[in-house]
Amino acid sequence: MIFNTGAALLDAIVLAIVASETEGTYGYKITQDVRSVIEISESTLYPVLRRLLKDDCLEVYDKEHGGRNRRYYKITERGRRQLTLYQSEWGNYITKINAILLETCV
């Protein structure tokens, strides 16, 4: 993708992915899900997860998997409110951008 992905958009994508899993999900799966729509490295994703944890948008818990602990991320109520805001803003944003980009194409 040739468009830059800012911090707010990454936060919104991660929150949406985590919110889609009732019991939460783990970092590697989040990375793979994000990579299905945009190019991102794990070194970019983990600071996003830490920021969302610090902002109380996500919580973590460990769960045994294959003899090892796996860290799971789960959205909090504050994270759900933030995701709702992002979704609303995204709708407004794409409407305006589409009006400029798609309406002017001949």
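No lab work stands behind these numbers, since they all come straight from the coordinates. Since we're looking at a predicted model, the values are computed, not measured. In this analysis, Cβ positions are derived from the backbone assuming ideal geometry, glycine residues included, and neighbour counts consider all displayed protein chains.
Points to keep in mind about this one:
- Against the test of being touching a Ser or Thr at 6+ places or on another chain (Cβ under 9 Å) and among the polar types (S, T, N, Q), the options S41, S36, S20 yield a single qualifying residue, S41.
- Taking residues in segment 65-82 that are free of Cβ contacts under 8 Å to residues at least 24 places away in the same chain, and partners anywhere that are not basic (K, R), the pairs with Cβ atoms closer than 7 Å and at least 6 places apart or on different chains are N69/D62; T76/D56; T76/C57; T76/L58; T76/E59; R78/D56; R78/C57.
- Among the candidates E59, E21, E64, the residue that is touching a Lys or Arg at 6+ places or on another chain (Cβ under 6 Å) and either assigned to a strand (DSSP E or B) or surrounded by 13 or more Cβ atoms within 10 Å (Cβ to Cβ) (or both) is uniquely E59.
- Every condition in (1) of a type in the set (D, E, K, R); (2) surrounded by 13 or more Cβ atoms within 10 Å (Cβ to Cβ); (3) under 21 Å from N4 (Cβ atoms) is met by R70 except one, and the failing one is (3).
- Here D11 passes the criteria (1) buried (at least 18 other Cβ atoms within 10 Å of the Cβ); (2) free of Cβ contacts under 8 Å to residues at least 40 places away in the same chain except the one numbered (2).
- Residue that is farthest from T25 (Cα to Cα), among those in segment 73-106 that are of a type in the set (V, I, T) and surrounded by 12 or more Cβ atoms within 10 Å (Cβ to Cβ): T84
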